[in-house]
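One structure below.
Coordinate-derived values only; no laboratory data. All values reported here derive from a predicted model rather than from experimental measurement. A quick note on method: Cβ atoms are made from the backbone with ideal geometry, for glycine too, and the neighbour counts reach across all protein chains shown.
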Amino acid sequence: MLQRALQIVEDEGLHVAIIMDGNGRWAERRGLPRVAGHRAGGEAVRRVVEAAPDFGITTLTLYAFSSDNWRRPSREVWALLRLLHRYLRAETEKCVKHGVRVNFVGRRDRLPPPLRAEIEQAEAVTAGGRSLSLRIAVDYGARDAILRAAEKLRGEAAGEVTRERFAALLGEAINDCLPARDVDLLIRTGGEQRLSDFLLWESAYAELLFTAKMWPDFDREDLAATIGEFRARERRFGSLTQLVAG
Ligand code: IPE
Ligand code: IPE
Ligand code: MG
């Protein structure tokens, strides 16, 4: 089982997940409105998406808007959603060209219909991408996703309750086309050391890496450094080093 899990990681490449935090503080420190930080954060997304395949990353999950972020002032919420819409419009073609498959994970029913349509369009035209699976988490909350998956499980007449089955239902619960995949490396920028309801099931054995850098300042070199630190860590999955390596 363990060997198989490791084999999958080897075959599939790395799943890196990023809590892109610190946009607001980045802007405030410059005397700019918070939304300027979100705009600069979009540039950091472009840099990281472009660099990811060079570091063996095949799945990149970015936390763009949490279900709890609806609590923010509506001006900021709508500015964020507008930026997201603009990002998609500007980047979809580039994603097709570079083999990036885009998927949105989270709830869709509360998003503005034009954004939803843009999301569906981006997912459809990038569906053939093979170099990177880019998952953008929007209106996402891990606990609610787990609850929705559990609800689906309860609705099933029969069948064994396995991790694999649950992972499949969790994928469905967040509108993903694939079962939930374990995270190898979880990065949070902005200095806070918490998960803020991100990928709780999938991060069971993720390596956690917190950096004080604000997200808009995060670049290719920072990604290289975090991947370097990840590679230097020893993952044991509850077993012993020699068994995992052998
Ligand atoms: C992260 O930056 C982006 C979102 C949560 C949408 P923040 O907006 O949380 O920035 P800080 O944490 O206030 O600096
Ligand atoms: C987490 O950041 C959500 C995103 C980065 C999208 P928050 O800034 O919302 O998290 P808290 O409030 O500091 O925990
Ligand atoms: Mg924050």
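A few notes on this one:
- Look at the alpha carbon pairs under 8 Å that are at least 6 residues apart: their mean separation over the length of the chain gives a relative contact order of 25 percent.
- Cα-based convex hull, the chain, per residue volume (Å³, whole number): 131 Å³
- Of the trypsin sites (Lys or Arg not before Pro) found in the range 8-82, the ones in coil according to DSSP and having at most 16 other Cβ atoms within 10 Å of their Cβ are Arg29, Arg30.
- For the range 128-173, the square roots of the Cα gyration tensor eigenvalues, ordered a ≥ b ≥ c, give a/c of at least 1.5 with a/b no greater than b/c, which places it in the oblate category.
- Whole-number percent relative contact order across the range 74-187, with pairs defined as alpha carbons under 8 Å at least 6 apart: 26 percent
- Neighbourhood charge, 15 Å Cβ-Cβ cut-off, centred on Leu209 and excluding it, Lys, Arg +1 and Asp, Glu -1: -2
- The range 34-172: equivalent-ellipsoid semi-axes (sqrt of 5 x gyration tensor eigenvalues, Cα, Å): 27, 21, 13
- Kyte-Doolittle mean at least -1.0, axial Cα span of 30 Å or more - DSSP H helices of the chain: 74-97
- Contact order for the range 129-246, expressed relative to its length and based on alpha carbon pairs under 8 Å spaced 6+ residues apart, stands at 20 percent.
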